[in-house]
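This report concerns only the one structure given below.
None of the figures in this text is laboratory data; all of them are computed from the coordinates on show. Here the structure is a predicted model, which is why all the values come from computation and not from measurement. Backbone-built Cβ (ideal geometry, glycine too); neighbour counts: all protein chains shown.
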Amino acid sequence: MSLAGDDFHFENRSRRSSKHSKDRAKRSSLIAEETDTLTKTSDSRLRVSDDRERMALNPGKSLKSSVKNLPRYYLSTFLYSWGFFGLAYALVYLPGKIASAFLASLSSRGPVIYHHKILFSNVVGWERGDALSIFTAPIVIDFLQSILYTTLFLVLKRMEGYWKICAFWLVFHSYLRLTGCVLPGMVSGEEFGYVAGWLYLNSVVLFILFFLSILAMLGLSALLSKWALECAFSKHMVMKKMRKEHLLFSIGLPAISGILLIAFFHGLDWTALAVGQFKLNDWWASVHELTLLGQSLLVYGAMTAFLFLYKDQEIICQRDLRMKNINPVVLGLSVLFPLAGRIMLGQGWFW
């Protein structure tokens, strides 16, 4: 009986030991798969067959090499972000104005699109319905742009290169024009200001809408903060102690310098410059657009504050050594496009 009992206990122990071994093997397999997934390059997606090209896209985990290249990464990040800030502003600005001009032309208002506002040659006999549709159109277009550019960014952020930075700024400006339209409209009496006037909104309602606008911008800043980190060219740019520096070079400095560049474009009289005279326009004429752009600094400050939400989260991004060098054609066109738009719209686009 005692030998049978010993055999029984030994068999149970053997089964338990075998089960534990299988569990350990299964756990090891899962860990290996997760490690494979994290370190896997995008070769299959990019269909790169040459080993040298694969090394250029994701050359490994050399800490020394990454730290050495950080100044170049920061410089290219700043320059691309600065150029795409103005380009995205111009691309987001025009569709709303075109929608207003189209509706106004149906009412024979004679709309004229300028670089800083839309004016009407026929201001007699405004009707409430026409006015609300014309001045609400940019807000509706901004909402549609937000959806479109968010989808575009979610696709491009998984890829290498600088286009995901452009997509980020398109999202940034579309969100800003949508949620930050209250204060500029109240200050200048344009766009949202027209709508508020035709709806006879009192001061209390305007204050509530302004408060909700600020809350919306702050809420979206938390999301934009993570997306900006995911636009980095190297994971070492978004290490937990380096994330504020990354936001400074990718959002803060480009926003400040981009606002100054757009303000210069708005303020300079290009017609006088064409005949050799230096003359400035009335800055108050552009107060709506400049106030709107100024709110981007509020969004940047909120993005920096919301970094604590991701302090324990690792941001996975692939190194791209190509980003050490600037593409002068892309950068030049990103600056020339809004400049050309400013010059063309300076004399008005008549409908």
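Brief remarks follow.
- Listing 116, 173 from fewest to most neighbouring C-beta atoms within 10 Å gives 116, 173.
- Total charge dipole magnitude, region 214-313, about the Cα centre, Cβ charges on Lys, Arg, Asp, Glu only, Debye to nearest 20: 560
- Were the residues from residue 333 through residue 143 laid out at 0.36 nm apart, the gain over their Cα-Cα distance would be 65.7 nm.
- Charge context of residue 97, other residues only, Cβ under 10 angstrom, K/R +1, D/E -1: 0
- Protection proxy ranking of 130-138, 236-244 - average other beta-carbon atoms within 10 Å, highest first: 130-138, 236-244
- Compared with the alpha-carbon gap, the fully stretched path from residue 269 to residue 316 is longer by 12.3 nm at 0.36 nm per residue.
- For residue 349, residues with placed amide H under 5 Å, excluding near neighbours: 113, 114
- Peptide ranges 95-107, 75-87 listed from the most packed, as the mean C-beta count within 10 angstrom indicates: 75-87, 95-107
- Paramagnetic reach from residue 132 in region 193-214 [backbone N under 20 Å; point 7 Å along Cα→Cβ]: 193-210
- Computed extension length for residue 245-residue 201: 11.6 nm, one decimal, from 0.36 nm per residue of separation with the Cα-Cα distance subtracted.
- Positive-end extreme of charge dipole, region 73-350 - chosen from 198, 267, 223 (charges on Cβ): 223
- Packing-based order for 184-194, 278-288, 254-264, 305-315, using average beta carbon neighbours within 10 Å, highest first: 184-194, 254-264, 278-288, 305-315
- Placing a pseudo-label 7 Å from each Cα along the Cα-to-Cβ vector at residue 106 and residue 151 gives an inter-label distance of 2.3 nm.
- Least to most buried among 72, 342 (fewest other Cβ within 10 Å first): 72, 342
- Distance (nanometres) between label positions extended 7 Å along Cα→Cβ at residue 277 and residue 347: 1.6
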